[in-house]
Amino acid sequence: MRIDLHTHSRASDGTQSPAEVMRAAADAGLDVVALTDHDTSQGWAEAAEAAAEVGIDLVPGIEISTVYEGRGVHLLAYLPDPADPELLTALGRVLDGRNSRVPAILQRLREAGVHLTVDDVRRVASGTPATGRPHVADALVALGVVADRAEAFERFLNPGRPGYASRHAESLIEMIPRVVAAGGVPVIAHPWGRSARRVLTESAFADLRDLGLAGIEVDHEDHDPATRSALRGIAANLGFVVTGSSDYHGTGKVDHDLGCNTTAPEELARIRELAHLARAGR
Ligand code: AMP
Ligand code: ZN
Ligand code: FE
Ligand code: FE
């Protein structure tokens with residue numbers, strides 16, 4: 001049983017349609033795959049249809065942009081009700097923030113001598129309500145300014161580079177109970193992969209667990225072996241579900257092939273059970 005609980009399609013910043021991601025997952029020998037586009041459930045319906053056709057099990061999810069103690073944290077929400085009004089309102093704020101950031105990025109790029117229009121970005125971001133830096137990167141590739149997304153981030157889009165602009169994210173401590181109230185299961189994505197490492201201490205994780213946090217993504221390419229083993233220890237102490245995933249983005253991100261990290265069947269069973277309980281508690 002091969003289970004990959006974190007992938008992206010063109011409903012956010014992956015490079016394949018949701019159906020193509022499902023077919024690629026089947027080709028990669030996966031039995032279960034979660035589609036977890038950034039801040040939207042838009043890809044779920046197409047993915048569900050394709051998953052049924054190719055005979056794999058789809059776990060619908062959303063990777064939500066949140067902030068904790070001033071640091072960006074990605075919160076995976078598995079199996080929430082996509083029509084839950086409070087969840088939709090919160091996601092709407094994030095999507096609005098994504099949209100208003102694009103002109104800010106373009107303005108900064110102009111000041112750095114790189115001229116892109118909103119239409120240039122819109123053209124490569126068709127099909128997503130969650131426009132992001134990867135789409136600006138794709139527009140830079142289309143214009144021949146850079147060779148690929150990685151170069152675009154290094155030269156222009158990472159924090160501290162000339163085209164960086166921040167955007168709105170929702171409060172993590174508010175989003176965790178909101179996901180549970182929507183019948184979902186909250187799991188922190190790549191908790192120690194980026195700048196959030198220094199604020200996501202074991203005692204912070206304990207506080208977040210008390211708010212309803214169910215698990216942490218331990219096996220992720222952004223975590224080295226020492227990081228994984230430290231996080232596994234914390235998960236054991238706190239009773240967290242432990243997941244492993246590719247964070248696949250199609251050709252948009254190298255070294256994130258489908259199934260490069262996987263989740264144990266008993267951990268997925270716990271997620272399903274928690275979703276059942278969350279739904280019963282609504
Ligand atoms: P945003 O949410 O718009 O701020 O963009 C963040 C997204 O950019 C995340 O999904 C990352 O996977 C992606 N990303 C960050 N750095 C890189 C990189 N060097 N190459 C490709 N994608 C990246
Ligand atoms: Zn992404
Ligand atoms: Fe992420
Ligand atoms: Fe992701």
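Structure values in brief
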quantity: Region 115-127, subset of a type in the set (Val, Ile, Thr) and open to solvent by 20 Å² or more (accessible area, probe 1.4 Å), residue nearest to ARG93 (Cα to Cα); calculated: VAL118
quantity: Qualifying residues in region 1-18 (those that are within 16 Å of ligand 3 (Cβ to nearest atom) and not in a loop (DSSP other than H, G, I, E, B)) - the one surrounded by the most Cβ atoms within 10 Å (Cβ to Cβ); calculated: THR7
quantity: Looking only at region 19-42, and only at residues there that are part of a loop (DSSP other than H, G, I, E, B) and within 25 Å of VAL218 (Cα to Cα), the one that is nearest to ligand 2 (Cβ to nearest atom); calculated: ASP39
quantity: Close pairs from region 271-282: first surrounded by fewer than 19 Cβ atoms within 10 Å (Cβ to Cβ), partner of a type in the set (Ser, Thr, Tyr) and modelled with pLDDT of 95 or more, Cβ under 9 Å, at least 6 apart; calculated: ARG272/TYR78
quantity: Those residues of region 214-234 which are open to solvent by less than 30 Å² (accessible area, probe 1.4 Å), within 18 Å of ASP255 (Cβ to Cβ) and not polar (S, T, N, Q), in sequence order; calculated: GLU217, VAL218, ASP219, HIS220, HIS223
quantity: Check on ALA52, modelled with pLDDT of 95 or more and either out of contact with any Leu (no Cβ under 9 Å at 6 or more places or on another chain) or closer than 18 Å to GLY250 by Cα (or both); calculated: no
quantity: Single residue of LEU75, LEU87 found to be part of a strand (DSSP E or B), in contact with a helix residue (DSSP H, G or I) (Cβ under 8 Å, 6 or more places away or on another chain) and surrounded by 18 or more Cβ atoms within 10 Å (Cβ to Cβ); calculated: LEU75
quantity: Members of region 199-213 that are open to solvent by 30 Å² or more (accessible area, probe 1.4 Å) and in a helix (DSSP H, G or I); calculated: GLU202, SER203, ASP207, ARG209, ASP210, LEU211
quantity: Candidate set from region 166-192 (those that are over 12 Å from LEU211 (Cα atoms) and open to solvent by 30 Å² or more (accessible area, probe 1.4 Å)); member that is nearest to ligand 1 (Cβ to nearest atom); calculated: ARG167
quantity: Among the residues listed as ASP138, ASP148, the single one being under 28 Å from TRP44 (Cβ atoms) and more than 18 Å from the chain's Cα centre (by Cα); calculated: ASP138
quantity: Residue check for ASP247: open to solvent by less than 70 Å² (accessible area, probe 1.4 Å), in contact (Cβ under 8 Å) with a residue 60 or more places away in the chain and out of contact with any helix residue (DSSP H, G or I) (no Cβ under 6 Å at 6 or more places or on another chain); calculated: yes
quantity: Lone qualifier among ARG282, ARG272 - being part of a helix (DSSP H, G or I) and either modelled with pLDDT of 95 or more or more than 16 Å from ligand 3 (Cβ to nearest atom) (or both); calculated: ARG272
quantity: Scan of region 19-50 for residues that are touching an Asp or Glu at 6+ places or on another chain (Cβ under 6 Å) and within 16 Å of ligand 1 (Cβ to nearest atom), ordered by number; calculated: THR36, HIS38, GLY43
quantity: Test for GLY163: is it open to solvent by less than 10 Å² (accessible area, probe 1.4 Å), in contact (Cβ under 8 Å) with a residue 40 or more places away in the chain, more than 16 Å from ligand 2 (Cβ to nearest atom) and more than 21 Å from the chain's Cα centre (by Cα); calculated: yes
quantity: Some residue of region 141-164 being of a type in the set (Ser, Thr, Tyr) and more than 13 Å from ligand 1 (Cβ to nearest atom); calculated: no
quantity: Residues of region 214-260 satisfying the condition of being part of a strand (DSSP E or B), among the β-branched types (Val, Ile, Thr) and more than 16 Å from ligand 2 (Cβ to nearest atom); calculated: ILE216, VAL218, VAL241, VAL242, THR243
quantity: Only one of LEU109, LEU157, LEU87 that is modelled with pLDDT of 95 or more and within 16 Å of ligand 3 (Cβ to nearest atom); calculated: LEU157
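The values are calculated or read from the model by the stated rules, or taken from the named source; none is laboratory data. Note that the structure is predicted; figures quoted are calculated from it, not measured. We place every Cβ from the backbone using ideal geometry, glycine too, and count neighbours over all the protein chains shown. Ligands, DNA and RNA are excluded from the accessible area calculation, which covers all protein heavy atoms including side chains. Shrake-Rupley method; radii C 1.70, N 1.55, O 1.52, S 1.80 Å.
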